């Protein structure tokens, strides 16, 4: 079940939206569409629905439908939208995380991948509420096998900053696991699970098919 989102703390959102997308033949993965919406825009909408103060997107500036969609989401936020990039671009997720955290001013943050088309606001706020209730430094979703999904989590900003200062490696697992986050497991929704990312063309095709068909018993609605 989704944790109660009613006690979520004040937070900003960092979305990692760079990378080379090697398994997508170099396509701009966050801009790929599932259900008529670019995945990056879907994740930004979920963060806004969860009550984020700010959206901090780490990756290249985008144009067209992605830029327009982000602008619509940002119009509902009091502190708006920041798009920034790690230095040098493409230097990996930890470098991107450092750059994003440098922009965070709230006491907590959601850390999200840009290719989670089925993530919803109540799941983001529930992660933050779970960490707060447990007195933990953070909380992350796990998949159906219990594996941590490091880019679907919520973190205390001060704890994450301290961990980044002490860490010299390049692995998100390496920097985040030592913070001992609460592990949050939701009911498995198959291809529509909130932790389901789209790393390959097959992943993307499955997500699109699930979105088009809708979950069983819901007449195509989610």
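Can you tell me which residue is farthest from residue 26 (Cα to Cα) among those in region 180-194 that are crowded, with 19+ Cβ neighbours inside 10 Å and at pLDDT 90 or above?
182
Mind counting the residues in region 11-50 that are in a loop (DSSP other than H, G, I, E, B) and either under 14 Å from the mean Cα position of the chain (by Cα) or modelled with pLDDT of 95 or more (or both)? Reasoning before the result, please.
Going through region 11-50, the residues in a loop (DSSP other than H, G, I, E, B) turn out to be 17-21, 25-28, 32, 35-36.
When the remaining residues are screened for being either under 14 Å from the mean Cα position of the chain (by Cα) or modelled with pLDDT of 95 or more (or both), the result is 17-18.
Number of matching residues: 2.
Among the numbered conditions (1) touching a residue at least 60 places away in the same chain (Cβ under 8 Å); (2) in contact with a helix residue (DSSP H, G or I) (Cβ under 7 Å, 6 or more places away or on another chain); (3) within 23 Å of residue 154 (Cβ to Cβ), tell me where residue 24 comes up short.
Against the list (1) touching a residue at least 60 places away in the same chain (Cβ under 8 Å); (2) in contact with a helix residue (DSSP H, G or I) (Cβ under 7 Å, 6 or more places away or on another chain); (3) within 23 Å of residue 154 (Cβ to Cβ), residue 24 comes up short only on (3).
So, of the residues in region 70-83 that are under 16 Å from the mean Cα position of the chain (by Cα) and not in a helix (DSSP H, G or I), which turns out to be surrounded by the most Cβ atoms within 10 Å (Cβ to Cβ)?
This residue is 83.
May I ask you to verify whether residue 99 is touching a strand residue (DSSP E or B) at 6+ places or on another chain (Cβ under 6 Å) and either farther than 22 Å from residue 198 by Cα or crowded, with 17+ Cβ neighbours inside 10 Å (or both)?
yes
Return the pair list, or none, for Cβ contacts closer than 9 Å from residues in region 202-220 that are at positive phi and modelled with pLDDT under 90 to residues that are outside any loop (DSSP other than H, G, I, E, B) and buried (at least 17 other Cβ atoms within 10 Å of the Cβ), at least 6 apart or on different chains.
Short answer, once both residue conditions are applied: 214/192.
Just need a number here: residues in region 167-178 that are more than 18 Å from the chain's Cα centre (by Cα) and surrounded by 15 or more Cβ atoms within 10 Å (Cβ to Cβ).
1
Give the residue, chosen from 152, 207, 163, that is in a helix (DSSP H, G or I), surrounded by 14 or more Cβ atoms within 10 Å (Cβ to Cβ) and within 18 Å of the chain's Cα centre (by Cα).
207
Taking region 54-67 only, how many residues are surrounded by fewer than 19 Cβ atoms within 10 Å (Cβ to Cβ) and either modelled with pLDDT of 95 or more or within 23 Å of residue 98 (Cα to Cα) (or both)?
Looking only at that region, the number is 2.
Working only within region 51-69, note down all residues that are part of a loop (DSSP other than H, G, I, E, B), under 22 Å from residue 90 (Cα atoms) and within 18 Å of the chain's Cα centre (by Cα).
Result: 59, 60, 61, 62.
What number of residues within region 119-128 are in contact with a helix residue (DSSP H, G or I) (Cβ under 6 Å, 6 or more places away or on another chain) and buried (at least 24 other Cβ atoms within 10 Å of the Cβ)?
Here the count works out to 4.
Could you please give the count of residues in region 80-110 that are under 14 Å from residue 12 (Cα atoms) and touching a residue at least 60 places away in the same chain (Cβ under 8 Å)?
11
I'd like to check something: does region 107-118 contain any residue that is more than 30 Å from residue 207 (Cα to Cα), out of contact with any strand residue (DSSP E or B) (no Cβ under 6 Å at 6 or more places or on another chain), surrounded by fewer than 19 Cβ atoms within 10 Å (Cβ to Cβ) and at pLDDT 95 or above?
Scanning region 107-118 turns up at least one residue that is more than 30 Å from residue 207 (Cα to Cα), out of contact with any strand residue (DSSP E or B) (no Cβ under 6 Å at 6 or more places or on another chain), surrounded by fewer than 19 Cβ atoms within 10 Å (Cβ to Cβ) and at pLDDT 95 or above.
Restricting to region 180-194, give me the number of residues that are assigned to a helix (DSSP H, G or I) and more than 18 Å from the chain's Cα centre (by Cα). Give the derivation first.
Going through region 180-194, the residues assigned to a helix (DSSP H, G or I) turn out to be 190-192.
Now narrow it down to the ones that are more than 18 Å from the chain's Cα centre (by Cα): 190.
Result for region 180-194: 1.
The values are calculated or read from the model by the stated rules, or taken from the named source; none is laboratory data. Since we're looking at a predicted model, the values are computed, not measured. Backbone-built Cβ (ideal geometry, glycine too); neighbour counts: all protein chains shown.
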